[in-house]
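The values are calculated or read from the model by the stated rules, or taken from the named source; none is laboratory data. Because the structure is a prediction, the values reported are computed rather than measured. Backbone-built Cβ (ideal geometry, glycine too); neighbour counts: all protein chains shown. Accessible surface is based on the protein model in full, side chains and every heavy atom, while ligands, DNA and RNA are left aside. Shrake-Rupley method; radii C 1.70, N 1.55, O 1.52, S 1.80 Å.
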Amino acid sequence: MLMIILAWVSIFFTIILAPPKHLWTLVTAQGFFVMFMAVIWFFIQDFTFMTPFFFIDKISGPLAALTCWLFPLTMLASQSKMYLEPINRQRSYIANSTFLQLTTLLAFTSSDLMMFFIFFEATLIPTMIIITRWGAQERRLEAGMYLAFYTMLGAVPLLIWLIKFYTDHGYLFPILTQTLSTTQEISNYQGLFWTICNTAFLVKLPMYCLHLWLPMAHVEAPIAGSMVLAGTLLKLGGYGILRTAPMLQDSTLNQTLFIMLIAILGILATALLCLRQTDLKSLIAMSSVSHMNLVIAAVLISTQWSYSGAMVTMIAHGLTSSALFCLANTAYERTNSRTMILLRGALIILPLASAWWLLIILFNMAAPPSINFMGELFILTAVFSWSPLTFLIIAMNLIFTTAYTIFMFWSTQRGPMPTHLKTLYPFQTREHILLYLHIMPTLLLMLKPELIFF
């Protein structure tokens with residue numbers, strides 16, 4: 001594991017020393033080397049590894065592999081726009097993106113929960129820099145402030161609880177917290193205690209009502225920021241809830257029913273809001289909120305099936321949502337607009353790109369036999385065993401998801417070409433490789449989905 005971290009750190013030397021002409025080529029090639037080395041090592045270890053500094057199991061392993069996989073893809077996606085900037089700004093951008101994904105990897109693999117908290121909060125700094133410095137829109141500073149305040153306010157009770165837990169027990173190692181369910185004291189207001197301790201994670205996921213920062217951050221962020229946000233940063237919240245679950249009292253669903261109701265409302269409300277969006281990136285961001293609220297509902301049920309469904313959904317969403325942002329970026333680079341009515345008619349000009357749109361949209365709406373479908377099937381099975389009425393309510397999300405997904409495809413691909421567009425450049429090989437590398441692991445996991453089961 002230390003070799004993988006050192007390989008990541010060596011990318012910073014490449015960023016500083018690489019000649020301007022070959023900067024992107026060298027960084028992307030080194031990123032692919034580190035990615036393949038890390039993913040192969042994770043599979044050789046069978047997602048089980050423990051040292052005093054690093055801890056990998058079935059919760060953190062798939063998410064750490066996803067983080068490594070997405071790094072070179074962010075470099076591929078960023079090249080066309082960033083290549084036009086001065087060389088020092090290009091180096092700063094690559095360094096920020098590398099640091100962001102390195103801190104995310106360290107957060108997923110930390111063996112101590114206080115170190116996890118430090119890296120969890122450290123991801124805020126490069127994210128803010130990427131959004132506020134390289135964001136394309138005028139509200140990027142406001143988006144950075146939203147992100148900072150939501151994240152920091154949620155982190156305060158989590159930090160207090162971790163310090164209190166260490167004071168009482170003398171350790172914060174995840175491997176030792178598995179035995180705590182039989183030794184915890186019973187206290188009043190367990191549901192409120194669970195909510196306060198997990199506020200930082202509910203903000204990061206984000207839960208409906210705490211989600212206002214996410215659409216704004218996605219809309220303002222450059223492509224690498226959107227890919228990392230959708231791919232791995234949101235998953236830090238789900239990972240945190242799963243990791244700290246044994247340390248909290250076994251709160252029954254009756255005590256956290258209010259959070260469950262908000263999550264169910266969020267699943268349906270954000271799916272309906274997607275049908276009213278005119279901005280393509282905003283629609284994809286809202287769909288992320290809907291999927292992550294489904295993960296919150298699964299985690300609250302706290303069964304083996306729901307945990308497996310939550311993990312599969314997070315991995316599947318990380319790949320699918322990142323691919324959707326890449327497609328939105330390819331349209332934006334050619335039209336300088338994210339308004340869907342101005343992007344219509346692409347099927348006539350770019351038929352192969354439309355094939356990518358169709359394939360990724362089928363994954364997003366969880367069409368069988370995709371792993372997205374498998375994750376939602378596990379979660380809905382767990383929900384049905386808990387409450388058939390709740391299952392019927394959440395099942396409406398399948399209709400709404402299909403509706404807004406087809407709406408997104410129809411709005412961007414069908415219809416007449418806008419008259420103001422005189423030139424549309426064909427897809428580059430780089431963009432086909434980028435989308436293929438998003439879809440390939442999704443297809444491979446369909447053959448062996450037990451790799452990412454909880």
**Item:** Dipole magnitude (debye, nearest 20) for the range 1-160, charges at Cβ of Lys, Arg, Asp, Glu
**Value:** 520 debye
**Request:** Based on the mean of other Cβ atoms within 10 Å per residue, sort peptides 68-75, 257-264 so the most packed one is first.
**Result:** 68-75, 257-264
**Asked** Using alpha-carbon positions, what is the distance between the centroids of the range 219-241 and the range 295-340, in Å?
**Response** 9 Å
**Message:** Can you give the Rg/Rh ratio of the range 1-174, where Rg is from the C-alpha atoms and Rh is the Kirkwood radius?
**Reply:** 1.01
**Item:** Sequence-separation-based contact order of the chain, relative, with Cα cut under 8 Å and 6+ spacing, percent
**Value:** 15 percent
**Message:** Using the Cα centre of the chain as origin and beta-carbon charges of +1 (Lys, Arg) and -1 (Asp, Glu), tell me which of 162, 148, 254 is placed farthest towards the positive end of the dipole.
**Reply:** 148
**Fill in**
Checked against the positive end of the charge dipole of the chain (+1 on Cβ of Lys and Arg, -1 on Cβ of Asp and Glu, about the Cα centre), the farthest of 282, 353, 205 is 353
**Request:** Compute the distribution of all C-alpha to C-alpha distances in the range 253-453, in bins of 10 Å from 0, and list the percent of pairs in each, rounded to whole numbers.
**Result:** 9, 35, 32, 17, 6, 1
**Prompt:** Counting only heavy atoms of protein chains, what accessible area per residue, in Å², does the chain have with a probe of 1.4 Å?
**Reply:** 40 Å²
**Message:** Computing the accessible area with a 1.4 Å probe over protein heavy atoms, can you report the carbon and sulfur percentage for the chain?
**Reply:** 71 percent
**Fill in**
The number of Lys pairs in the chain whose alpha carbons lie under 25 Å apart, excluding pairs fewer than 8 residues apart on one chain, is 12
**Request:** Can you find, among 380, 297, 273, the residue farthest towards the positive end of the dipole of the range 253-453? Put +1 on the C-beta of Lys and Arg, -1 on that of Asp and Glu.
**Result:** 273
**Request:** Only Lys, Arg, Asp and Glu count, each charged at its Cβ (+1, +1, -1, -1), so figure out the dipole size of the chain about its Cα centre, rounded to 20 debye.
**Result:** 1220 debye
**Prompt:** How do the peptides 114-126, 152-164, 410-422 rank, highest first, by the average count of neighbouring beta carbon atoms within 10 Å per residue?
**Reply:** 114-126, 152-164, 410-422
**Request:** Evaluate the relative contact order of the range 253-453 (contact order divided by residue number), counting alpha-carbon pairs under 8 angstrom at least 6 apart; express in whole percent.
**Result:** 29 percent
**Request:** Enumerate the residues in the range 192-221 having an amide nitrogen under 13 Å from the point lying 7 Å beyond the Cα of residue 258 toward its Cβ.
**Result:** 192-197
**Item:** residue 110 long-range amide H proximity, modeled H, under 5 Å
**Value:** 55
**Asked** How would you order 294-303, 351-360 from highest to lowest mean count of nearby Cβ atoms within 10 Å?
**Response** 294-303, 351-360
**Message:** Could you work out the relative contact order of the range 247-330? I mean the mean sequence separation of Cα pairs under 8 Å and 6+ apart, divided by the number of residues, in percent.
**Reply:** 28 percent
**Asked** Which three semi-axes in whole Å describe the equivalent ellipsoid of the range 47-86, each the square root of 5 times a Cα gyration tensor eigenvalue, listed largest first?
**Response** 33, 11, 5
